[in-house]
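**Q** Following this message is one structure expressed as structure tokens.
The values are calculated or read from the model by the stated rules, or taken from the named source; none is laboratory data. Please read these numbers as outputs of a predicted model, since none were measured by experiment. Methodologically, a virtual Cβ is constructed for each residue, glycine included, from the backbone with ideal geometry; neighbour enumeration extends over all protein chains shown. What goes into the accessible areas is simple: the full protein's heavy atoms, side chains included, and nothing from ligands, DNA or RNA. Shrake-Rupley method; radii C 1.70, N 1.55, O 1.52, S 1.80 Å.
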Amino acid sequence: MDDLKRLRSLDSAKWTKYGPDVLPAWVADMDFDQAPPIKAAINAVLERGDLGYNFAALHPLAETWLSWVERRHGVRLTDDTDEIWTFTGALHALELVMELHTEPGDGIVVFSPIYHPFRHAIHDSGRQMVDVPLGAQSTLDAERLDAACDEQTKMVLFSQPHNPAGRVFTTEELQAFATVAEERDLLVISDEVWADLVHAPHQHLPLALADERLRERTITLGSASKAFNVAGLSCALAHVGSATVRNRLNALSHHVHGRPSSLSAAGTMAAWTESEGWLSDTMLTLTARRDHLAARLAAEVPEVGFDPPEATYLAWLDLTRTSLGDDPAKTLLDHAGVAIDPGLQFGDQAAGWARLNFATTEQILDEILDRIIGAIKNGVTP
Ligand SMILES: Cc1ncc(COP(=O)(O)O)c(C=O)c1O
């Protein structure tokens, strides 16, 4: 297996955290090599020996991102690049804006199960998590949101498309959300780093543009990291619709914003200007993997609950009707040589669930599935 040899040679967390007997399907990196233009752009910087200060390298990013979003999703977030900031990651932007806009003790909404760093960010900064579970089929429930809010609730950490549920929320869901966000005067951070990995026929719509009432209360986060498999470049952009937050960001020293490297800028630019064909091919592959996964689970272990995601390469698996216990990820790591993410990481109600990353080769995915399905069929217990 040449692919496996290459992957085992990587220094990435995904491929080094566990031993050689374990197949990793946890953290959100893909097992695919990057698009050639991205590698060429980064190599060109290195070949020039161009690693001195290069503040200008970041300047074209804002307009390039706006044009990319417009080309991919048919809408333009703004015409004013002064409303855009560059950060060293989506979480950097999210945590900084949360710290700027709220106080310890304030309530911050998440729609759970939710990407676990959101939970940690709220907890570690002394804010209160307002946990609003998604409804059946992972739908947004605006009434539940309204009931969960009180006067201390200040902000929402939104994930669109949603990690780990893989939902692309519909315009109707987003508009119902907008009604509550306006009534409760909530600032919304819409983390859209998964926007470019949407399975046909679904379509991504930036939250800020789904409803006029959201435009000036939303901070939209975007990045090439997920779609182009370049999380290690550490580069994200934020469109800040709120003038209050813009003023607060402008009042900060530049160094608090951080500065992605010129290598990050070169790679990100090449992703958004030269790599769309690579992304289209990758998306077809991901949709095929998703469908293959769904078909095997349905045929071989129908007791596993799985709604194929509308976006992302993450499968949110309901393993509660198997023998694997409350922490099926641990049982599978201990007894089946597969590393997936524990459901409980994403929400207190997700005992018996787990998240599986299917962005890998068909051969590796089949080996992962053989191991998981084998464990379930053999009634493996914790
Ligand atoms: C929803 C979401 N936000 C943010 C991140 C991390 O982004 P960054 O590395 O740019 O902080 C991830 C990574 O998987 C993610 O899934």
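**Q** Straight-line reach only, C-alpha to C-alpha below 23 angstrom: list the lysines that LYS330 could link to, leaving out same-chain residues fewer than 8 apart.
**A** Within the straight-line limit of under 23 Å, LYS330 reaches these lysines: LYS14, LYS17, LYS377.
**Q** Starting from the Cα-Cα distance between ASP2 and LEU51, subtract it from 0.36 nm times their residue separation and give me the gain in nm to one decimal.
**A** Length difference between fully extended and current span is 14.3 nm.
**Q** Also, quick follow-up: Once neighbouring chains are kept in place and the probe is 1.4 Å, which whole percent of the accessible area of the chain is contributed by carbon and sulfur? Write out the running numbers ahead of the final one.
**A** Values: 7820 of 15890 Å².
Carbon and sulfur atoms account for 49 percent of the accessible area of the chain.
**Q** Net charge near TRP353: determine it from the other residues with C-beta under 13 Å of the C-beta of TRP353, scoring Lys and Arg +1 and Asp and Glu -1.
**A** -3
**Q** Express in Å², to the nearest 10, the accessible area of TRP278 obtained by rolling a 1.4 Å probe over the protein heavy atoms while all chains stay in place.
**A** 50 Å²
**Q** Can you give the log10 of the normalised intensity I(q)/I(0) at q = 0.15 Å⁻¹, computed with Debye over equal Cα scatterers of the stretch 36-174?
**A** Values returned for q = 0.15 Å⁻¹ are -0.95.
**Q** How many Å² of accessible area per residue for the chain, probe 1.4 Å?
**A** On a per-residue basis, 42 Å².
**Q** Right, another one. In nanometres, what is the gap between the two model label sites at ARG321 and SER67, each 7 Å from Cα along Cα-to-Cβ?
**A** Inter-label distance under the simple model: 5.1 nm.
**Q** Placing +1 at every Lys and Arg Cβ and -1 at every Asp and Glu Cβ, with all other atoms neutral, what dipole size does the chain have around its Cα centre, in debye to the nearest 20?
**A** 740 debye
**Q** Return the inverse of the average 1/r over all pairs of distinct C-alpha atoms in the chain, which is the Kirkwood hydrodynamic radius, in Å to one decimal.
**A** For the chain, inverting the mean 1/r across all distinct Cα pairs yields 21.5 Å.
**Q** On to the next question. Relative contact order of the stretch 41-274, please, whole-number percent, based on alpha carbon pairs below 8 angstrom and at least 6 residues apart.
**A** After rounding, I find 26 percent.
**Q** Here is a further query. Accessible area of LYS5, 1.4 Å probe, to the nearest 10 Å²?
**A** 150 Å²
**Q** Order 169-179, 126-136, 151-161 from most to least packed using the mean count of other Cβ atoms within 10 Å.
**A** Values: 169-179: 18.5, 126-136: 16.9, 151-161: 22.0.
Averaged packing, sorted descending, gives the order 151-161, 169-179, 126-136.
**Q** Distance from the Cα centre of the stretch 173-222 to that of the stretch 315-352, in angstrom?
**A** Between the Cα centre of the stretch 173-222 and that of the stretch 315-352, the gap is 30 Å.
**Q** Quick check for you: which residues of the stretch 146-167 have the amide N under 19 Å from the point 7 Å beyond the Cα of ALA298 toward its beta carbon?
**A** 166-167
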